[in-house]
Amino acid sequence: MKQFIITLFFVLVATVFPMSNAVAAGAAVELEDADVDLNNKQSLQRGAKYFVNYCMGCHSLKFSRYNRMARDIGLSDDQVEANLIFTMNDKGEPTEVAALMENAMQEENAANWFGQAPPDLSLVARSRGADWIYSFLKAFYADPSRPLGVNNTVFANTGMPHVLWELQGMQHLEEHDDGNGHKTQELVLEEPGKATPTEYDQIVRDITAFLVYVGEPAKLHRKTIGVWVLLFLAVFFVVAYFLKKEYWKDVH
């Protein structure tokens, strides 16, 4: 009985105080705070633009539709068709705005080129967490020993190329020894890209926010609906209280 109570205690603690993203994602380094704001529609729009232009060549979002995404982040169907759809359907016609957000890469070809087909990223924010995505996209560095010439401190030996290198530039990994056997690692930007470090941080934050939205689109509306539900319950409580008094006044 005592062991059961102890087990139940730890289950409750794990429920109330969930693991941090670093532990849940199995990261070996401390993750940075993504600090995304899903209410910032401009950030979500920029994130959609960067994702489609830099990520969607390999990664799809097959659980999302263009028109649903457009409606949620404040874009019109015409804007999406003109700026965010670059694929064709089976008939050779431009992909319709009501279609799923799939890319044109065949899985067989992707497996041959990369050794494994790049995963769909619809739920990556839910499985890895926003901090992991944000930190991962900032943690690439040059590594000539790797097939694609880069590695990542958050996801060691990653098979993904640094697709944002022209924006961030190329970092190099430096190790420092304090003389007592304690080594620390530091990423140093030696080859700047088109964006400044501050601008690149915002680009990565926008992509992260967009993937967080894609992982759970209802989150944009859930809090608003929740407020109205609580207001309804508050009003209903008052009505129920006076109704109870009316029913029980003769009894008392």
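The values are calculated or read from the model by the stated rules, or taken from the named source; none is laboratory data. Bear in mind the structure is a predicted one, so any value in this text is a computation, not a measurement. Please note: Cβ atoms are built from the backbone with ideal geometry, for glycine as well, and neighbour counts cover all protein chains shown.
Does Lys219 meet the test of being on the phi < 0 side of the Ramachandran plot and in contact with an Asp or Glu (Cβ under 7 Å, 6 or more places away or on another chain)?
Judged against the criteria, Lys219 is not a match.
Residues that are over 29 Å from Leu187 (Cβ atoms), out of contact with any strand residue (DSSP E or B) (no Cβ under 6 Å at 6 or more places or on another chain) and either part of a loop (DSSP other than H, G, I, E, B) or among the β-branched types (Val, Ile, Thr) (or both) occur in region 105-120; there is at least one.
Residues checked against (1) touching a residue at least 60 places away in the same chain (Cβ under 8 Å); (2) loosely packed, with under 13 Cβ neighbours inside 10 Å:
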residue: Asp90; (1), (2): no, yes
residue: Glu96; (1), (2): no, no
residue: Glu102; (1), (2): no, no
residue: Gln106; (1), (2): no, yes
residue: Asn109; (1), (2): no, yes
residue: Ala117; (1), (2): no, no
residue: Ala125; (1), (2): yes, no
residue: Ala130; (1), (2): yes, no
residue: Ile133; (1), (2): yes, no
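Within region 44-94, can you find the residues that are within 23 Å of His221 (Cβ to Cβ), of a type in the set (D, E, K, R) and touching a helix residue (DSSP H, G or I) at 6+ places or on another chain (Cβ under 9 Å)? Across region 44-94, the qualifying residues are Arg46, Lys49, Arg71, Asp72, Asp77. Do we have Ile85 as of a type in the set (Val, Ile, Thr), part of a loop (DSSP other than H, G, I, E, B), out of contact with any strand residue (DSSP E or B) (no Cβ under 6 Å at 6 or more places or on another chain) and surrounded by 12 or more Cβ atoms within 10 Å (Cβ to Cβ) here? Yes. Of all residues in region 154-202, those satisfying the criterion of being polar (S, T, N, Q) and more than 28 Å from Pro119 (Cα to Cα) are Asn180, Thr184, Gln185, Thr196, Thr198.
Ala125 fulfils the conditions (1) touching a strand residue (DSSP E or B) at 6+ places or on another chain (Cβ under 7 Å); (2) under 23 Å from Leu38 (Cα atoms) except for a single criterion, (1). Can you find even one residue in region 167-182 that is modelled with pLDDT of 95 or more, within 17 Å of Tyr54 (Cα to Cα) and within 21 Å of the chain's Cα centre (by Cα)? Within region 167-182, one or more residues are modelled with pLDDT of 95 or more, within 17 Å of Tyr54 (Cα to Cα) and within 21 Å of the chain's Cα centre (by Cα). Could you say whether any residue in region 202-216 is in contact (Cβ under 8 Å) with a residue 40 or more places away in the chain, touching a strand residue (DSSP E or B) at 6+ places or on another chain (Cβ under 6 Å) and not basic (Lys, Arg)? Looking through region 202-216, at least one residue is in contact (Cβ under 8 Å) with a residue 40 or more places away in the chain, touching a strand residue (DSSP E or B) at 6+ places or on another chain (Cβ under 6 Å) and not basic (Lys, Arg).
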